[in-house]
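Each remark here refers to the structure printed beneath this line.
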Amino acid sequence: MANTQYLFSNVRLFVDDHCKISPNEEVLLLSDTSVDPVVIEAYAEAARSLDGRVTTMVMPYEEIRLNTVEDRYPLSVKQALYGADVVLLVALGIIAHYHPTVRPFITAMIEYGTRVVFAPGDAMIMTSEFPRFPFELVKAIGAWVFARWARSKTIRITDRRGTDFRCGIVPRAMGGGPAAGVRVRGANEPGVPGTFVTPAAAQGPLHTLPKAEGIAYFDEIEYPGFLSQPLRWEFGHQPGDERLSWVEAIVGGVEADRLNELIGRLKHMGYPAANLFSEIMWGLSPKMPFRTNPLYGLGFHGMAMTRRAGVVHFGIGSPPSRAAGNLAEAAPIHTHGHMFAPTVYFDGESIITDGHLVTLDDPEIRRLAERFGDPNELLTEVP
Amino acid sequence: MPDNTLSALIEQVLARARVAPEGQAELRRFDHVFQFMVTDRPAFHVAIRSGEVTVVQGEAQALPFEEMETVRTDAATLRALFEGRARLVDLGWEGRLQMPLYGPKMHITAWLNRLIKLAHGIAVKPQG
């Protein structure tokens, strides 16, 4: 019972920070059968306590897997997305992240002004310290990193297994949750029509990643899932192309074979950009537990690890929404590989060292943390 | 002689948005410059600042990312969008119009789209 009360209290904090629900707004809770019904009810109760008019829909999780290029959302779900003021997407992974499932959400946001909030559906995450980490503090951490990003020209990433990667920096390419630090008014901001608010703690460049070269080893990849042996991506770019880069090879056992097979199939279907290198992002929260996604192997976004401070994820493929309608750069795929202990430099300045976000040691951040409690406790990563 | 037809259409549409219920407040929601790069017409740009709309022939002066967005399309597609005959998301998904549909500028796209709907009296939400 105590744990359930803690869950409800944490979920309420998350909803307060990320949703800005006004009285009588129509709130759709969209979830799937992989999520504990108690977690869904916790979100419903939080929305109701803010006087939202709550409707809950639960889909079979088999319907929202990565492994299809079809739009499989039922019309009833689409209509609910379009009609709601706020959609809380309660899931174990970001089910709106992949091409087959992303279009109804983009339509809801761009055409109907719906605010879509990704709400972690994993009870373990929502009973951890993650939802209680001060929102202002994670935004300050994001701003600290963004300030260094915006004045740098190159990013380099290494790790002890042999990752040695670099690419150019385009400051405008930065994306992520409300802590991304971008200076566009209203960007990723709770309460603004047409926004997709993901849990605050991640930022990094999207789609435009120039002059990538080198290799990156991953601890886990979202598709096809658990790794039986080390897997690496090898990067390159076309001479004279200043904007884009490509995953030129995926190497490492049966999992690499399956990802290569998927990309090969998409290319055969007429999507030459299926191997576009489309994302680098790092987590910012020291309180996200070290937790792999319970649905690995089913193509779900591994939300937990991508928000953990110091963990970096790379993306391959951009649906038309990420490619801003440029179909020459789009393909019906977007999936990630995760690095748990990278070292990251912006123009030679260390931002992450062996998986530790050095921002957490910064005196300015620690002074800010004092407003919320003991900085040593607040800024130390949980196991 | 520049072809002003498209830019005139957009000016008219945004003027109609202003007189629609909630139109003035919606126009004031953000400040932004939209650079229209039209494949078969001369470029022009539209500045919306403090709710005031200015349409200018030619490309805009370079501005920071935070203040300007480029829309790439052809004349027929742009006309269909601003006449309320086509959905912006569909045009983007079909590769007929390029502007942000994801990331830190997607709400700016949603805002411009909402202004078009206000101008044409198209309900933003489905009606029961």
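For every residue, the table says whether it meets (1) over 15 Å from B:A8 (Cβ atoms); (2) within 11 Å of chain A (Cβ to nearest Cβ); (3) surrounded by 14 or more Cβ atoms within 10 Å (Cβ to Cβ).
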| position | (1), (2), (3) |
| --- | --- |
| B:A25 | yes, no, no |
| B:D31 | yes, yes, yes |
| B:R49 | yes, no, yes |
| B:T54 | no, no, no |
ask   = Taking interchain pairs and intrachain pairs at least six residues apart, which have beta carbon atoms under 8 angstrom, with the first residue in the range B:42-58 and closer than 15 Å to B:A15 by Cβ and the second of a type in the set (D, E, K, R)?
value = B:V46/B:E11; B:I48/B:D31; B:G51/B:R18; B:G51/B:R28; B:V53/B:E11; B:V53/B:R18; B:V55/B:E11
query = Could you say which residue among A:L327, A:L368 is within 30 Å of A:I263 (Cα to Cα) and surrounded by fewer than 21 Cβ atoms within 10 Å (Cβ to Cβ)?
reply = A:L327
remark   = A careful count of residues in the range A:322-349 that are closer than 28 Å to A:V145 by Cα, at the interface with chain B (Cβ under 8 Å from one of its Cβ atoms) and small (G, A, S) gives 1
task = Could you tell me whether the range A:307-316 includes any residue that is away from every other protein chain (no Cβ under 14 Å), among the β-branched types (V, I, T) and surrounded by fewer than 24 Cβ atoms within 10 Å (Cβ to Cβ)?
result = no
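Suppose the filter is away from chain B (no Cβ under 14 Å) and in a strand (DSSP E or B); does A:I125 pass it? Can you show your working first?
Working: away from chain B (no Cβ under 14 Å): yes; in a strand (DSSP E or B): no.
No.
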Condition broken by B:P64, with the remaining ones in (1) in a helix (DSSP H, G or I); (2) more than 7 Å from chain A (Cβ to nearest Cβ); (3) not hydrophobic (A, V, I, L, M, F, W, C) satisfied = (1)
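If I filter the range A:201-218 for residues that are acidic (D, E), modelled with pLDDT of 90 or more and under 23 Å from A:L88 (Cα atoms), do I get at least one hit?
From the range A:201-218, those acidic (D, E) are A:213; that's our starting set.
Then drop every residue that is not modelled with pLDDT of 90 or more, which leaves A:213.
Checking which are under 23 Å from A:L88 (Cα atoms) leaves us with none.
Taking every residue of the range A:201-218 in turn, none turns out to be acidic (D, E), modelled with pLDDT of 90 or more and under 23 Å from A:L88 (Cα atoms).
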key: Verdict on A:F226 being surrounded by 24 or more Cβ atoms within 10 Å (Cβ to Cβ), among the aromatic types (F, W, Y) and either more than 25 Å from A:M288 (Cβ to Cβ) or in contact (Cβ under 8 Å) with a residue 40 or more places away in the chain (or both)   = no
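Condition test on A:V145, is it within 19 Å of the chain's Cα centre (by Cα) and on the phi < 0 side of the Ramachandran plot?
Details: within 19 Å of the chain's Cα centre (by Cα): yes; on the phi < 0 side of the Ramachandran plot: yes.
Yes, satisfied.
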request  = Sort out which residues of the range A:38-66 are more than 25 Å from A:K20 (Cβ to Cβ) and either more than 23 Å from the chain's Cα centre (by Cα) or assigned to a loop (DSSP other than H, G, I, E, B) (or both), and write them in order of number.
outcome  = A:P60, A:R65, A:L66
ask   = Out of (1) within 12 Å of another protein chain (Cβ to nearest Cβ); (2) more than 30 Å from A:R12 (Cβ to Cβ), what's the single condition that is false for A:A187?
value = (2)
task = Among residues belonging to the range A:183-193 that are touching a residue at least 12 places away in the same chain (Cβ under 8 Å) and surrounded by fewer than 24 Cβ atoms within 10 Å (Cβ to Cβ), point out the one that is nearest to the chain's Cα centre (by Cα).
result = A:P190
task = Would you tally the residues in the range A:243-290 being touching a residue at least 40 places away in the same chain (Cβ under 8 Å), outside any strand (DSSP E or B) and more than 23 Å from A:A330 (Cα to Cα)?
result = 6
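Here is a check on your reading of the model: is B:T54 touching a strand residue (DSSP E or B) at 6+ places or on another chain (Cβ under 8 Å) and closer than 29 Å to A:A331 by Cα? Break it down stepwise before answering.
Working: touching a strand residue (DSSP E or B) at 6+ places or on another chain (Cβ under 8 Å): yes; closer than 29 Å to A:A331 by Cα: no.
No; evaluated as a whole, the condition is false for this residue.
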ask   = within 14 Å of chain A (Cβ to nearest Cβ), part of a strand (DSSP E or B) and modelled with pLDDT of 95 or more: does that describe B:T70?
value = yes
message = Out of everything in the range B:86-108 that is assigned to a loop (DSSP other than H, G, I, E, B) and more than 7 Å from every other protein chain (Cβ to nearest Cβ), what residue ends up being nearest to A:A331 (Cα to Cα)?
response = B:E94
note = Per the filter on the range B:56-71, residues more than 14 Å from the chain's Cα centre (by Cα), surrounded by fewer than 16 Cβ atoms within 10 Å (Cβ to Cβ) and closer than 21 Å to B:T5 by Cβ are B:Q57, B:G58, B:E59
task = For the range A:207-223, state whether one or more residues are within 14 Å of another protein chain (Cβ to nearest Cβ) and hydrophobic (A, V, I, L, M, F, W, C).
result = yes
inquiry  = Of all residues being of a type in the set (S, T, N, Q) and either out of contact with any strand residue (DSSP E or B) (no Cβ under 9 Å at 6 or more places or on another chain) or assigned to a loop (DSSP other than H, G, I, E, B) (or both) in the range B:109-128, which is farthest from the other protein chains (Cβ to nearest Cβ)? Just the residue, please.
reply    = B:Q127
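The values are calculated or read from the model by the stated rules, or taken from the named source; none is laboratory data. Remember, it's a predicted structure, so these values are computed and weren't measured experimentally. All Cβ positions, glycine included, derive from the backbone under ideal geometry; neighbour counts span all protein chains shown.
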